[in-house]
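Q: Could you have a look at this structure, given as structure tokens, before my questions?
The values are calculated or read from the model by the stated rules, or taken from the named source; none is laboratory data. None of the values given here were measured: they were computed from a predicted structure. Cβ atoms come from the backbone with ideal geometry, glycine included; neighbour counts cover every protein chain shown.
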Amino acid sequence: MTTAPSEGPAEPVSASVSVPGLLPGTRRALLRRLAVGQADGRAPSMTGAVVRDGRQVWAEVRSAAVDGPDAGGEPVGDAESCGAVQYRIGSLTKTFVAVLVMRLRDEGRLRLDDPVGRHLEATPVPDATIAQLLAHSSGLAAEPRGPWWERTAGTLRPEPSDLFGERPQRLPAGRRHHYSNLGYAVLGALVERLRDGRPWDEVLRREVLEPLGMSRTTALPVPPHTQGWAVHPWADVLLPEPAQDTGLMGPAGQLWSTVDDLCRWAAFLLRGDDRVLSAAGVAEMRTPAVPPEDEGWEGGYGLGIQLVRRGPLPGAEQRSGAEQRSSGRVLAGHTGSMPGFLASLWLDPEEDLAGIALANCTSGPAIGGIAADLLEIVADREPRIPAPWRPLPGPPDEALLALTGPWYWGAKPFALRLLAERALDLTPLTGTGRASRFRAEADGTWTGLDGYYAGETLRVVRAADGTVSHLDLGTFVLTRGPYDPAGPVPGGVDPEGWRV
């Protein structure tokens, strides 16, 4: 290594790279947050980046310059070169494995509600569904049997049966979230089984990494890469950490990557890429798959994606207690750790923004908070400028236009708006209510995409003469007037009508 730990680390070095667009004050705030994180967390090196509108707009490295060939790694270098320097990313690996599973779903090779035992033999949870494994609700134990798997060679567990202890399932499947590294080992084996026995990391390279241009994301380290370190809790001295090939546990945390590659990954998780997985597919991954266990939830999980709520949004102090608890910026992404390394990637789909932070130490920096702070610095200082309004393409569909405007569920008013691709948006006009967007189907109906009506069917019901009578939304009747006597209001309408 370039500087022996006994001599103390060299002076921190810092360099930045940015695409024109961020204001100087924003760039300085980002630099300060990374510098404070590296210094307070006593990280040998830390690199961070921000992605906005599908491109990297800022990257920075702070390093004590303790890495080097003598230590098994390479110098971190400046920001221009550090974008290609590998760090181990731990459980961010799970997001990649989840995408492989979603691709198999889209190809019709599996269904997310399939029991995993339908596709994979000798699993200890054959009745747990693939979705439950993705969302950590299968009830599997958190860790494999034997010594600390992240710090020991995968050759200690050469067969799948070597992963599971006497009681591999600790909770009933589907009842609650219980984080399980074992679950992702099972998913990796599932990918290999359905891809004709090819190793999961080879499948990943061909199907995901190469199309996205992520040539520096690998299962084993490829120079230049950093050395992983443990920092003594009570003294400023270092201990090198071993970098093991974890074998069958690899799908839970094996990958190495770079800040540049992770910027590409963040852009994909925000926007999708039809060569890999559609925008709708990645949005499905970001949707909560396991209900939170309390009303004031701060974290959750989708399909291979962590969810976290960061503080109340502006104005929350004016709201009721329940509304304050449900307020806040919801981020999607993942954190990761392996001996010698910490990683975090957070996305804000509403802002089309992502923050990334990597460090080469086992513990110390609050890496998840640092990545989220980088994102929020940009979001707060430079709120996203929306794209220009544009009219819908092509000539309007007069029949659809006739459906727009006010509708009433009983006496409560709603507005129905027409969106692109014949989609509809239903929004309450007073107070709170059940808002939802609807996707057009080939049979002339619409399917709810979110909120209370997610998955429910919206139908236009016509009278004998072809005119629109009412809307049927999962048995709820919406009429053109409040309690319209001409509509089939359940229970009927008092014949004397409205009165003073």
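Q: Give me the pairs: first residue in region 117-145 and closer than 12 Å to Leu187 by Cα, second residue assigned to a helix (DSSP H, G or I) and hydroxyl-bearing (Ser, Thr, Tyr), beta-carbon distance under 8 Å, and six or more apart or on different chains, which are they?
A: Leu133/Tyr184
Q: Name the residues in region 220-234 that are closer than 17 Å to Asn360 by Cα and of a type in the set (A, V, I, L, M, F, W, C), would you?
A: Across region 220-234, the qualifying residues are Leu220, Val222, Trp229, Ala230, Val231.
Q: Only one of Val231, Val282, Val308, Val290 is among the hydrophobic types (A, V, I, L, M, F, W, C), under 18 Å from the mean Cα position of the chain (by Cα), buried (at least 17 other Cβ atoms within 10 Å of the Cβ) and at pLDDT 95 or above; which?
A: That would be Val282, the only listed residue that is among the hydrophobic types (A, V, I, L, M, F, W, C), under 18 Å from the mean Cα position of the chain (by Cα), buried (at least 17 other Cβ atoms within 10 Å of the Cβ) and at pLDDT 95 or above.
Q: Another question, then. Can you find a residue in region 84-105 that is free of Cβ contacts under 8 Å to residues at least 24 places away in the same chain and either in contact with a Pro (Cβ under 9 Å, 6 or more places away or on another chain) or outside any helix (DSSP H, G or I) (or both)?
A: No, every residue in region 84-105 fails to be free of Cβ contacts under 8 Å to residues at least 24 places away in the same chain and either in contact with a Pro (Cβ under 9 Å, 6 or more places away or on another chain) or outside any helix (DSSP H, G or I) (or both).
Q: Among (1) within 18 Å of Val101 (Cβ to Cβ); (2) loosely packed, with under 15 Cβ neighbours inside 10 Å; (3) at pLDDT below 95, which single condition is Pro199 missing?
A: That leaves (3) as the condition not met.
Q: Filter region 138-157 down to residues that are within 23 Å of the chain's Cα centre (by Cα) and on the phi > 0 side of the Ramachandran plot, then give me how many there are.
A: Total meeting the criteria: 1.
Q: Of the residues Asp425, Asp465, which is outside any strand (DSSP E or B) and either under 29 Å from Met285 (Cβ atoms) or among the charged types (D, E, K, R) (or both)?
A: Asp465
Q: Next question. So Gly405 clears everything in (1) exposed (fewer than 13 other Cβ atoms within 10 Å of the Cβ); (2) at pLDDT below 95 except one condition, right? Which one?
A: (2)
Q: Which condition number does Ser337 fail, the rest of (1) crowded, with 16+ Cβ neighbours inside 10 Å; (2) on the phi > 0 side of the Ramachandran plot being met?
A: Checking Ser337 against (1) crowded, with 16+ Cβ neighbours inside 10 Å; (2) on the phi > 0 side of the Ramachandran plot, the one that fails is (2).
Q: Give Ala185, Ala189 a once-over and let me know the one that is in contact (Cβ under 8 Å) with a residue 60 or more places away in the chain, crowded, with 23+ Cβ neighbours inside 10 Å, within 16 Å of Ala98 (Cα to Cα) and touching a helix residue (DSSP H, G or I) at 6+ places or on another chain (Cβ under 9 Å).
A: Among Ala185, Ala189, only Ala185 is in contact (Cβ under 8 Å) with a residue 60 or more places away in the chain, crowded, with 23+ Cβ neighbours inside 10 Å, within 16 Å of Ala98 (Cα to Cα) and touching a helix residue (DSSP H, G or I) at 6+ places or on another chain (Cβ under 9 Å).
Q: On to the next question. For Ala399, work out the one condition from (1) exposed (fewer than 15 other Cβ atoms within 10 Å of the Cβ); (2) part of a helix (DSSP H, G or I); (3) modelled with pLDDT of 95 or more; (4) hydrophobic (A, V, I, L, M, F, W, C) it doesn't fulfil.
A: The number of the failed condition is (3).
Q: So is Leu220 assigned to a helix (DSSP H, G or I) and either in contact (Cβ under 8 Å) with a residue 24 or more places away in the chain or buried (at least 19 other Cβ atoms within 10 Å of the Cβ) (or both) or not?
A: Judged against the criteria, Leu220 is not a match.
Q: Condition test on Gly247, is it in contact (Cβ under 8 Å) with a residue 24 or more places away in the chain and at positive phi?
A: Spelling it out, Gly247 is indeed in contact (Cβ under 8 Å) with a residue 24 or more places away in the chain and at positive phi.
Q: Residues to consider are Leu277, Leu353, Leu270, Leu303; find the one that is farther than 26 Å from Asp201 by Cβ, crowded, with 19+ Cβ neighbours inside 10 Å, out of contact with any Cys (no Cβ under 7 Å at 6 or more places or on another chain) and at pLDDT 90 or above.
A: Residue meeting the stated conditions: Leu353.
Q: Could I ask something else about it? Quick one: is Leu392 touching a helix residue (DSSP H, G or I) at 6+ places or on another chain (Cβ under 7 Å), free of Cβ contacts under 8 Å to residues at least 40 places away in the same chain and not acidic (Asp, Glu)?
A: Answer is yes for this residue.
Q: Let me ask something else. Select from region 428-462 the residues that are in contact (Cβ under 8 Å) with a residue 12 or more places away in the chain, of a type in the set (S, T, N, Q) and under 20 Å from Thr287 (Cβ atoms) and list them in ascending order.
A: Within region 428-462, Ser436, Thr457 meet the criteria.
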